[in-house]
Amino acid sequence: MNARLDRPLPAGLDGLLVTPGPDLVYFTGLRPPVTERLTMLVLPARVLVVPALEHPGELPGLEVVPWRDGEDPYAVVAALLEPGGRYAISDSAWAMHVIALQEAAPRTRWTSMTGSLPMLRAVKDAAEVELLAAAGAAADATYEQILSVRFAGRTEVQVAADLARLLREHGHEQVDFTIVAAGPNGADPHHDIGDRVIREGDMVVLDFGGLKDGYGSDTTRTVHVGAPTPYEQRVFDVVRAAQQAAFEAVRPGVAGQEIDRVARDIIEDAGFGEFFIHRTGHGIGLTTHEPPYLVRGEEQPLVPGMCFSIEPGIYLPGRFGVRIEDIVTVTGTGGRRLNTTDHALAVVS
Ligand code: ZN
Ligand code: ZN
Ligand code: ZN
């Protein structure tokens, strides 16, 4: 953890202001409540300004500076900053804190954490990769079990509740999303589950995940109620081929946008380019969506330890959608899947 506190800053940046959320977990392991009372880690000063009511006790390598109601915590932080310096502040900092700081330190120049250090948390250490693998295994176990529940005649909401229950049974402390998108609803990648009754003949996109031991899971499989038509199978096979090719393209030094290109080429060549309407993937770690992104314009080369989704899809409005998503980590020589359930189109009843 101290190695993270000692992390060198990019040229032109004088420090980091870290608020509760994934950045603070990354640097300190602390998960204080996110409230109107300011909690802020100031780097490189190594000072944690906290409400006295939430004093975390002694922390190795950090000076804890508590403040009481009626005192001005923004002045405390401002006094720690290089006059006229440039500071990156956590993306999740509340606007009320940012604006109060701007008033307390008017000469300071501000930037966002993602704007200055997009890859701050992108490269995972070995222990983090194994936590992500464990979260992935729990999501995989959830998928294996959802295949034997009843789909036909039940609503999306009911199947989604099964997914949430299974994720928790397999150790998730937090369920972030349980998308169940049946038939035409599958054409909306972020479909909000509803009371549509699932029917024989429906393609059903299942996309679910959350946090297990603090690290994220996120996997998608598309299943079919009863036997698919040849056309449905064909669309499915295109997505499957795109996902596989993108996975095989993963290795150190390849830019994120290249992985997107590989998947997109296969879908475009099959004639479905206009129906692949989102980026190919996103990083995952202490949150379920974070850098690196596999998207056109992302020139950051992949580095061993990066973990991200590969999730191409085809969305046919009014008809159905298909998406296949695995979490993948970059190894020294290629990629390793952290989701390992079968990619074949599963038939459910
Ligand atoms: Zn069908
Ligand atoms: Zn997903
Ligand atoms: Zn995803």
Of everything in region 12-71 that's outside any strand (DSSP E or B) and aromatic (Phe, Trp, Tyr), which residue is surrounded by the most Cβ atoms within 10 Å (Cβ to Cβ)? 27
In region 119-151, anything in a loop (DSSP other than H, G, I, E, B) and either surrounded by fewer than 16 Cβ atoms within 10 Å (Cβ to Cβ) or not hydrophobic (A, V, I, L, M, F, W, C) (or both) is listed as 119, 121, 124, 125, 148, 149, 150
Can you find a residue that is under 22 Å from residue 144 (Cα atoms), polar (S, T, N, Q), in a loop (DSSP other than H, G, I, E, B) and within 20 Å of the chain's Cα centre (by Cα) anywhere in region 237-245? no
For region 6-25, check the following and say yes or no: at least one residue is in contact with a helix residue (DSSP H, G or I) (Cβ under 7 Å, 6 or more places away or on another chain) and among the basic types (Lys, Arg). no
Residue within region 175-194 that is buried (at least 18 other Cβ atoms within 10 Å of the Cβ), more than 16 Å from ligand 1 (Cβ to nearest atom), over 25 Å from the mean Cα position of the chain (by Cα) and more than 21 Å from residue 122 (Cα to Cα) present: no
Check region 327-347 and report whether any residue there is open to solvent by less than 10 Å² (accessible area, probe 1.4 Å), touching a His at 6+ places or on another chain (Cβ under 9 Å) and not in a loop (DSSP other than H, G, I, E, B). no
Using beta carbons and a limit of 8 Å, which pairs, at least six apart or on different chains, have the first residue in region 282-306 and more than 16 Å from residue 335 (Cβ to Cβ) and the second one of a type in the set (S, T, N, Q) and open to solvent by 20 Å² or more (accessible area, probe 1.4 Å)? 291/114; 291/300; 295/257; 296/257; 297/257; 298/257; 299/257
Would you tally the residues in region 332-343 being free of Cβ contacts under 8 Å to residues at least 40 places away in the same chain and of a type outside the set (Lys, Arg)? 1
Give the residues of region 255-272 that are under 18 Å from residue 322 (Cα atoms), open to solvent by 20 Å² or more (accessible area, probe 1.4 Å) and either within 16 Å of ligand 1 (Cβ to nearest atom) or of a type outside the set (D, E, K, R) (or both), sorted by residue number. 262, 266, 270, 271
Quick one: in region 208-231, which of the residues that are part of a strand (DSSP E or B) and either of a type in the set (S, T, N, Q) or open to solvent by 10 Å² or more (accessible area, probe 1.4 Å) (or both) is nearest to ligand 2 (Cβ to nearest atom)? 220
Assuming residue 309 fulfils every condition listed in (1) within 13 Å of ligand 2 (Cβ to nearest atom); (2) assigned to a loop (DSSP other than H, G, I, E, B) apart from one, which condition is it? (2)
Answer residue from region 177-194, given it is β-branched (Val, Ile, Thr) and modelled with pLDDT of 95 or more and is nearest to ligand 3 (Cβ to nearest atom) among those: 179
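The values are calculated or read from the model by the stated rules, or taken from the named source; none is laboratory data. Note that the coordinates shown come from a computational prediction; the quantities given were computed from them, not determined experimentally. All Cβ positions, even for glycine, are placed from backbone atoms using ideal geometry, and neighbour counts span all protein chains on display. Note: areas computed on protein heavy atoms with side chains; ligands, DNA, RNA excluded. Shrake-Rupley method; radii C 1.70, N 1.55, O 1.52, S 1.80 Å.
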